[in-house]
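Asker: Provided herewith is a single structure, encoded as structure tokens, for subsequent inquiry.
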Amino acid sequence: MTEAVERLTKKSEDPSRWYLDLIRMAKLADYGPVRGTFAIRPYGYAIWERMQRDLDDRFKATGHVNAYFPLFIPESYLKKEAEHVEGFDPEVAWVTRAGREDLEERIAVRPTSETIICDFYSRWIHSYRDLPVLINQWSNFVRWEKVTRPFLRTTEVLWQEGHTVHATAEEAREETLRMLDVYKDCFYETLAIPVLTGIKSPSERFAGAVETFTCEGLMGDGRALQAATSHDLGQNFARAFDITFLDENQERVYPYQTSWGFSTRAVGAVILVHGDDRGLRLPPKIAPTEAVIVPIWRGKNKAEVRKEADRLYSELKDSGIRIEADFDEEHSPGWKFNEQEIRGIPVRVELGPRDIEKDQAVLVRRDTGEKEFAPRKGLPERMRDLLEDIQKNMLRQATDFRDANTRSTEDYEEFKEIIAKKRGFVVAPWDGTEETEQKIKEDTKATIRLLPFEREEGTDPVSGKPGKTAIFARAY
RNA sequence: CGGGACGUGGCGCAGUCUGGUAGCGCACUCGGCUGGGGGCCGAGUGGUCGCCGGUUCAAAUCCGGCCGUCCCGACCA
């Protein structure tokens, strides 16, 4: 193999460096001048756009509408919900000066929008007839992080945040879980990432929430990543912002709220879950380009191959496949193969003189590297099937990896051993106290990623007291 | 925010110890031959050596400060 390929650090050797190499080489993002800021380059943004569209469709299908709220939040608003301020205070960026004047009141650049949206809701909601409010916004937020990595932890983040208001606690809880499922479906069906879902322990709960639910993915290096969260806010914010409505009994009461978010961090998750030593691997559903045609030509038959490749391109494009053709004459086919593997394009279509002669094309799938000679006739249909199979297979591979790296134990020595040497998810009973949670974190750096919905009784490996299932892992 | 490493064309690096005309590979531009796994030959473009100050006839190189990045730890989606 040539040196250019070798320059992508092996995933197994140094996952951290591999990740950064890959992002640069696949042109997904580039560093900005202010620490933790990044440009999302066109290819990376195209992946995000596909995720956006998928989620947005799911939001619309569940009755939500989009809106947009201000980026700037007065300090006084942020302070209204006590736990909320405390949680976000260390990472809020403040505007204290505008033009040539100092501001009377500091203005926060939103670290999340609960407070400003609640202010509007207190003006918009008067009656039970105004409920439920089911609003989502696509936006950005700023959190001044100390350690940053492209997509996974950045100073400015693109995301969506849903903010809903309901008449009853039951409805709000239902909504919280509905949106958790929406995320879960998106991860499984579209991103091919088999996330686990469950409840956050109190210490990991969103600042100001009654209950936080999470989607947790297992990355290729055995560390967990919180990929999306859905919060049941109860009446905490309604009380703080004085959101009230007259119910059917003519009584003035506080409504119940939820919020839920999914960010560009998911792009990082896709890279970490699916990428390999050759580069990125994209599930077809979020691949901006599903397949690329590489013509194989020699001087004498260039025109003929070009003509046939053009025909094939049109045919595939007309059938709805997101197809590209690489007619660049500077690079050799081998160069193009490698380039497309780094970019994670699901299928490569080779077309050369021998193929034209045999009335076929060569299909090579990125997920397994398998090569097949497909008859020219019916190629669009074959491609469709192949793409579907790749999508399924990538979910299967990721699920196998997750299952192979999920281990149960009630023995603390074994627990520590697993986290230290193998990582992955560890399933163990937890006695529900912050002390044992803290001790495990100190000993192993592992945290409770979630409490499953179905929990079994057992013995907490640390305290020896009765406990119920929790899932631990070292997290990003 | 602590411990360590590193900042030299777009990327990866050498040169720094021992001060003396800024180099290499890749990328990029032009020409030609090539083309089924990162091809070959030739000719070119591109750098105030992270920033500020000091020492010196002379600083990428020595000294001081600052900034940034990466890795390992404490906090977070």
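The values are calculated or read from the model by the stated rules, or taken from the named source; none is laboratory data. If you're wondering where the values come from, they're calculated on a predicted model, not measured in any experiment. Using ideal geometry, Cβ is built from the backbone for each residue, glycine included, and neighbour counts are taken over all protein chains shown. Note: accessible area is taken over every heavy atom of the protein model, side chains too, but ligands, DNA and RNA are not part of it. Shrake-Rupley method; radii C 1.70, N 1.55, O 1.52, S 1.80 Å.
Asker: In whole percent, how big is the carbon plus sulfur part of the accessible area of the stretch A:291-386, probe 1.4 Å, protein atoms only?
Answerer: The value for the stretch A:291-386 is 47 percent carbon and sulfur by accessible area.
Asker: So how exposed is A:F38, as accessible area in Å² (1.4 Å probe, rounded to 10)?
Answerer: Approximately 50 Å² of A:F38 is accessible to the 1.4 Å probe.
Asker: In Å², and per residue, what accessible area does chain A have when probed at 1.4 Å with the other protein chains present? Present the calculation step by step, with values, prior to reporting the outcome.
Answerer: Working: 22210 Å² over 476 residues.
Per residue, chain A has 47 Å² of solvent-accessible surface.
Asker: To continue, here is another question. How much length would be gained if the chain were fully extended between A:A39 and A:R178, taking 0.36 nm per residue of separation minus their Cα-Cα distance, in nm to one decimal? Before the final figure, lay out the partial values.
Answerer: Working: separation 139, 0.36 × 139 = 50.04 nm, distance 3.28 nm.
Length gained, A:A39 through A:R178: 46.8 nm.
Asker: Which translational diffusion coefficient, to the nearest whole µm²/s, is obtained for the stretch A:7-142 from the Stokes-Einstein equation, given a Kirkwood hydrodynamic radius over C-alpha pairs, 20 °C and 1.002 mPa s?
Answerer: Working: Rh = 18.5 Å.
Estimated diffusion coefficient is 116 µm²/s.
Asker: Would you work out the relative contact order for chain A, in percent, from Cα pairs under 8 angstrom that are 6 or more residues apart? Each step should come with its number before you reach the end.
Answerer: On the way: 948 pairs, mean separation 64.2, N = 476.
So the answer I get is 13 percent.
Asker: Starting from the eigenvalues of the Cα gyration tensor, five times each then square-rooted, give me the equivalent ellipsoid semi-axes of the stretch A:228-358, largest first, whole Å.
Answerer: Values: eigenvalues 610, 60, 17 Å².
Its equivalent ellipsoid spans semi-axes of 55, 17, 9 Å.
Asker: What residues of the stretch A:135-175 lie in the reach of a label at A:F453, counting those whose backbone N is under 20 Å from a point 7 Å from the Cα along Cα→Cβ?
Answerer: A:169-175
Asker: If each residue of separation counts as 0.36 nm, what is the full-extension length gain between A:T148 and A:D385 once their alpha-carbon separation is subtracted?
Answerer: Difference between extended and current length: 81.4 nm.
Asker: Kindly sort A:W124, A:W260 by accessible area of their heavy atoms, largest first, with the probe set to 1.4 Å.
Answerer: Details: A:W124 125, A:W260 5 Å².
These residues rank, largest area first, as A:W124, A:W260.
Asker: Same structure, new question: With a cut-off of 19 Å, note down the residues of the stretch A:408-425 whose backbone N falls inside the zone around a label point 7 Å from the Cα of A:T399 toward its beta carbon.
Answerer: From the stretch A:408-425, the list is A:425.
Asker: Count neighbours as other Cβ atoms within 10 Å of each site's Cβ, and list the trypsin sites (Lys or Arg not before Pro) in the stretch A:436-472 that are DSSP loop with at most 16 such neighbours. Walk me through the intermediate numbers first.
Answerer: On the way: sites: A:K439, A:K441, A:K445, A:R449, A:R455, A:K468; in loops: A:K445, A:R455.
Of the trypsin sites (Lys or Arg not before Pro), the ones in loops of the stretch A:436-472 whose Cβ has at most 16 other Cβ atoms within 10 Å are A:K445, A:R455.
Asker: Could you list the trypsin sites (Lys or Arg not before Pro) in the stretch A:238-285 that lie in coil according to DSSP, counting only those with at most 11 other Cβ atoms within 10 Å of their Cβ? Don't skip to the answer; put the middle values down first.
Answerer: Details: sites: A:R239, A:R252, A:R265, A:R278, A:R281, A:K285; in loops: A:R278, A:R281.
In loop regions of the stretch A:238-285 (DSSP not H, G, I, E or B), there are no sparsely surrounded trypsin sites (Lys or Arg not before Pro).
Asker: Report, to two decimal places, the Cα Rg of the stretch A:3-274 normalised by 2.2 N^0.38 Å (N = number of residues). Before the final figure, lay out the partial values.
Answerer: Working: Rg = 19.8 Å, N = 272, 2.2 N^0.38 = 18.5 Å.
Computed over Cα atoms of the stretch A:3-274, the ratio equals 1.07.
Asker: Please give the contour-minus-distance gain from A:E413 to A:D359: 0.36 nm per residue of separation, less the Cα-Cα distance, rounded to one decimal in nm.
Answerer: Details: separation 54, 0.36 × 54 = 19.44 nm, distance 6.21 nm.
The A:E413-A:D359 span can extend by a further 13.2 nm.
Asker: When each pair of different Cα atoms in the stretch A:106-167 is counted once in the 1/r mean, what is the Kirkwood radius in angstroms, to one decimal?
Answerer: Values: mean 1/r = 0.0742 Å⁻¹.
This gives a value of 13.5 Å.
Asker: Shifting gears a bit: Compute the normalised compactness of chain A: alpha-carbon radius of gyration over 2.2 N^0.38 Å, N being the residue count. Please list the in-between numbers first.
Answerer: On the way: Rg = 25.3 Å, N = 476, 2.2 N^0.38 = 22.9 Å.
That works out to 1.10 for chain A.
Asker: Starting from the Cα gyration tensor of the stretch A:179-236, multiply each eigenvalue by 5, take the square root, and state the resulting semi-axes largest first in whole Å.
Answerer: On the way: eigenvalues 100, 38, 8 Å².
Output for the stretch A:179-236: semi-axes of 22, 14, 6 Å.
Asker: Compute, for A:E211, the solvent-accessible surface of its heavy atoms (probe 1.4 Å) with the complete set of protein chains present, and express it in square angstrom to the nearest 10.
Answerer: That residue has around 40 Å² of solvent-accessible surface.
Asker: Below 20 Å Cα-Cα, how many Lys pairs turn up in the stretch A:291-386? Only count pairs eight or more apart in sequence, or on different chains, if you could.
Answerer: Eligible lysine pairs with Cα atoms under 20 Å apart amount to 11.
Asker: Let me ask something else. Taking the Cα atoms of the stretch A:321-368, report the difference between the largest and smallest coordinate on each principal axis, in whole Å and largest first.
Answerer: 30, 26, 20
Asker: Under the rule of at least 5 residues apart or a separate chain, name every residue whose amide H is placed under 5 Å from the amide H of A:E324.
Answerer: For A:E324, whose amide H was placed from the backbone, the distant partners under 5 Å are A:A291, A:V292, A:I293.
Asker: Here is a follow-up. Percent of accessible area on the stretch A:3-274 owned by carbon and sulfur, 1.4 Å probe? Mind showing how you got there, number by number?
Answerer: Details: 5650 of 11940 Å².
Answer for the stretch A:3-274 is 47 percent, counting heavy atoms of protein chains only.
Asker: Per-residue accessible area for A:S319 at 1.4 Å probe radius, Å² rounded to 10?
Answerer: Solvent-accessible area, nearest 10 Å²: 50 Å².
Asker: Which Cα, out of A:A240, A:L103, A:W144, lies furthest along the positive dipole direction of the stretch A:3-274 (beta carbon charges, K/R +1, D/E -1)?
Answerer: Looking along the dipole axis, the top candidate is A:W144.
Asker: Please compute the net charge surrounding A:L20, taking Lys and Arg as +1 and Asp and Glu as -1 over other residues with Cβ under 10 Å from its Cβ.
Answerer: On the way: positive: A:R17, A:R24, A:R149; negative: A:D14, A:D21.
Surrounding charge for A:L20 is +1.
Asker: Calculate for chain A the 222 nm mean residue ellipticity that helices alone would give, adding -39,500 (n - 2.57) per DSSP H run of length 4 or more and normalising by residue count, nearest 500 deg cm²/dmol. Before the final figure, lay out the partial values.
Answerer: On the way: 15 runs with 167 residues, N = 476.
When only DSSP H runs of four or more count, the value is -10500 deg cm²/dmol.
Asker: Of A:K416/A:K439; A:K200/A:K439; A:K422/A:K468; A:K200/A:K441; A:K416/A:K445; A:K10/A:K445, which sit over 19 Å apart, Cα to Cα?
Answerer: Values: A:K416/A:K439 12 Å; A:K200/A:K439 17 Å; A:K422/A:K468 23 Å; A:K200/A:K441 15 Å; A:K416/A:K445 10 Å; A:K10/A:K445 25 Å.
Where the Cα-Cα span goes over 19 Å, the pairs concerned are A:K422/A:K468; A:K10/A:K445.
Asker: Using the Kirkwood radius over Cα pairs, work out the Stokes-Einstein diffusion coefficient for the stretch A:291-386 at 4 °C and 1.567 mPa s, in µm²/s as a whole number. Walk me through the numbers before you get to the answer.
Answerer: On the way: Rh = 13.3 Å.
Diffusion coefficient, whole number: 97 µm²/s.
Asker: Compute and list, largest first, the equivalent-ellipsoid semi-axes of the stretch A:406-473 from the alpha carbon gyration tensor, each √(5λ) rounded to a whole angstrom. Don't skip to the answer; put the middle values down first.
Answerer: Values: eigenvalues 51, 33, 24 Å².
Values for the stretch A:406-473, descending: 16, 13, 11 Å.
Asker: Also: Check A:W430: other-chain or 5+ apart residues with amide H under 5 Å from its amide H, H built from backbone geometry?
Answerer: Close amide H contacts, sequence-distant or interchain: A:K468, A:T469, A:A470.
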